[in-house]
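Let me begin by presenting the structure, written as structure tokens, before commenting on it.
The values are calculated or read from the model by the stated rules, or taken from the named source; none is laboratory data. None of the values given here were measured: they were computed from a predicted structure. Virtual Cβ from ideal backbone geometry, glycine too; neighbours counted across all protein chains shown. Just so you know, the surface numbers come from the protein's heavy atoms only, side chains and all, with ligands and any DNA or RNA stripped out. Shrake-Rupley method; radii C 1.70, N 1.55, O 1.52, S 1.80 Å.
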Amino acid sequence: MCKVISFASIKGGVGRTHIAILLARAAAAAGKRVLMGDSDLNNSLSFHFLDDVMIEKTKKLNLAAALGSEENNLCDYVVPTSNPGIDLIASTPYLADMRTISEKRLKRMIPTISGKYDIFIIDCHPTYDNIVLNALHAADYIITPVLMDLFSYNAAAFLAGVLPRDLENSAGNWYILLNGFNRRYEDSKSGRQTDFVKLYQDSGFPLTPKETWFPWTSQIHQLIDYRRKITGEFNVSGAVFCPELYNAVTELAGCFFDETLSIPEAF
Ligand SMILES: Nc1ncnc2c1ncn2[C@@H]1O[C@H](COP(=O)(O)OP(=O)(O)OP(=O)(O)O)[C@@H](O)[C@H]1O
Ligand SMILES: [Mg+2]
């Protein structure tokens with residue numbers, strides 16, 4: 001079975017794309033066959049993973065083309081990325097033309113990747129439309145990263161309201177992932193972080209385990225923008241040493257597989 005994970009939020013800039021990339025890298029480093037789906041018109045994932053030659057190919061091979069007919073095999077629209085073990089179905093501006101397709105089309109096409117990939121990670125754009133609903137219906141897990149601010153909270157509250165209405169199985173598969181959690185303040189009795197963690201908890205939002213909460217660190221730019229490896233070990237040469245982020249990513253990756261993942265010291 002291929003697990004489908006959709007990163008969705010109506011608020012932009014909460015870390016969906018960065019976390020999706022790191023999750024994909026961790027899973028691929030553990031030997032899992034990873035497929036990514038870029039469902040954001042902004043094309044961030046596609047530009048991250050593909051060079052100019054491959055971007056050119058995605059004019060034909062992309063998510064909009066794949067969704068064009070339910071008879072299509074999703075595998076026919078996959079392109080390899082520069083990252084071993086990670087393939088991609090790219091985005092395209094023409095996704096905007098798909099706003100009237102059935103919101104369950106992608107779900108019905110998931111069997112075509114079964115057996116070929118272990119995990120399919122979909123990065124959504126920050127809204128709530130048919131394209132996003134396709135990713136949500138197809139998902140085994142929906143992850144909504146949030147920051148410690150009121151706009152993020154409101155975006156989470158929006159999903160808490162509409163998901164039970166719109167998805168058959170929303171209970172048990174939607175999770176809030178705190179992004180920007182600082183362990184230095186985790187025992188503080190008051191302060192912005194303490195207040196927001198309490199607000200998210202008291203609202204009954206399903207939070208991912210604390211070990212998966214992401215720290216806010218400028219090192220993430222080294223990993224994504226400069227494609228450097230991350231490590232939680234001191235002595236891995238060339239890799240960015242960031243134990244908290246390394247632990248968060250590896251813990252998050254572990255949530256989606258039944259067996260314990262064997263993740264390298266650097267990935
Ligand atoms: N844990 C983090 N530590 C430091 N910076 C972060 C972290 N998470 C996200 N960022 C920064 O926040 C910005 C938004 O992140 P990202 O693009 O992943 O969010 P997004 O939800 O995909 O946004 P968009 O709506 O643009 O698709 C980026 O500049 C990224 O570097
Ligand atoms: Mg994004």
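What does the helix-only formula give at 222 nm for the chain: each DSSP H stretch with n ≥ 4 adding -39500 (n - 2.57), the total divided by the residues, and the result rounded to the nearest 500 deg cm²/dmol?
-9500 deg cm²/dmol
Which shape class, rounded, prolate or oblate, goes with the range 1-90 when its Cα gyration tensor gives a ≥ b ≥ c as root eigenvalues, a/c under 1.5 marks rounded, and past that a/b bigger than b/c marks prolate?
Note, shape of the range 1-90 comes out rounded.
Suppose a student asked you for the relative contact order of the range 158-249, using Cα pairs under 8 Å spaced at least 6 residues apart; what percent would you report?
24
Taking a 1.4 Å probe, which of Phe47, Phe7 shows the most accessible area, and what order do the others take after it? All intermediate terms of the calculation are to be shown ahead of the outcome.
On the way: Phe47 120, Phe7 0 Å².
Sorted descending by solvent-accessible area, the residues read Phe47, Phe7.
Counting heavy atoms of the protein chains only and a 1.4 Å probe, report the per residue accessible area for the chain as a whole number of Å².
45
Using only Cα atoms, locate the centre of the range 48-116 and the centre of the range 5-35, then give the distance between them in Å, rounded to an integer.
Using only Cα atoms, the two centres lie 16 Å from each other.
Apply 1/(1 + (r/R0)^6) to the Cβ-Cβ distance of Thr194 and Lys104, taking R0 = 45 Å, and write down the FRET efficiency to the nearest 0.05. Present the calculation step by step, with values, prior to reporting the outcome.
Working: r = 41 Å, r/R0 = 0.90.
My answer for the efficiency is 0.65.
Please tell me the relative contact order of the chain in percent, rounded to the nearest whole number, where contacts are Cα pairs under 8 Å and at least six residues apart.
Once divided by the residue count of the chain, the mean separation gives 24 percent.
Please report the net charge: other residues with Cβ closer than 13 Å to the Cβ of Phe257, K and R +1, D and E -1.
Its environment carries a net charge of -2.
Alpha carbons only, please: Rg and Dmax for the range 119-267, in angstrom.
16.5, 50
How would you order 73-80, 51-58 from highest to lowest mean count of nearby Cβ atoms within 10 Å?
By packing density, highest mean first, the sequence is 73-80, 51-58.
Percent of alpha carbon pairs in the chain separated by more than 24 Å?
Tail fraction, whole percent: 46.
To check you understand DSSP bridge types, tell me what percent of the beta bridges within the chain (both residues inside) are antiparallel, rounded to 5.
10
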